[in-house]
Amino acid sequence: MRRVTSLVAALFAMSLMAAQALAENVEVKGPHICCPQCVKVAVGLLKDVAGVSDAKADQKSKTVTFTAKDETAAQAGLKALVDGGFYGQATCGGKELKIKVPAGDGKADSVSVTKVHVCCGACQNAIKALFKDSKVSFEEKGPQRTVRIDGSNLDRAAVMDTLRKAGFNGTPSK
């Protein structure tokens, strides 16, 4: 009986080590994290993602890190951040990690982008600075808002690219 118990314990320990070996560190560099509220929101977005643990966001380095039990969890964690309005360059275990994001197409005098992370005045100011030649307004309350950029002949894809380079994400409206 002792041998069976020892064998079961050894198999259990080996399966735990194998699961830990499969876990990957995910790092997202460059999301707009300007204040403690941004940190709280970014970490909160990852809290309930299956297979994701140890989520941390660093305001100073503008980096979000987490552990993913596998590639599916890594993708889900990145998607949660992107859907939450953050954007950055992601790696999983040192390899580039990407997900599809809508680009926006066509030109318009007004471009609205929904679900952008805008939790504070510093987030608002950062977005306004990106579009100095346009009027920028924010709708709704809370950490995700609709950003409306009014200008002349704005390229939707260029608007999205500008937001993403600054660490923001959202969904361009048609």
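None of the figures in this text is laboratory data; all of them are computed from the coordinates on show. Just so you know, these numbers come straight off a predicted model, no measurement behind them. Positions of Cβ are generated from backbone atoms using ideal geometry, with glycine treated the same way; all protein chains shown enter the neighbour counts.
Just checking, which of 174, 128 is closer than 15 Å to residue 105 by Cα and of a type outside the set (Ser, Thr, Tyr)?
174
Mind checking which residues of the range 95-135 are of a type in the set (Ser, Thr, Tyr) and free of Cβ contacts under 8 Å to residues at least 40 places away in the same chain?
134
Please work out if residue 98 is surrounded by 14 or more Cβ atoms within 10 Å (Cβ to Cβ) and either more than 12 Å from the chain's Cα centre (by Cα) or basic (Lys, Arg) (or both).
So residue 98 fails the test.
When both residues are 6+ apart or on different chains and their Cβ atoms are under 7 Å apart, which pairs have a first residue that lies in the range 46-58 and is of a type outside the set (D, E, K, R), and a second that is assigned to a loop (DSSP other than H, G, I, E, B)?
51/69; 51/70; 57/33
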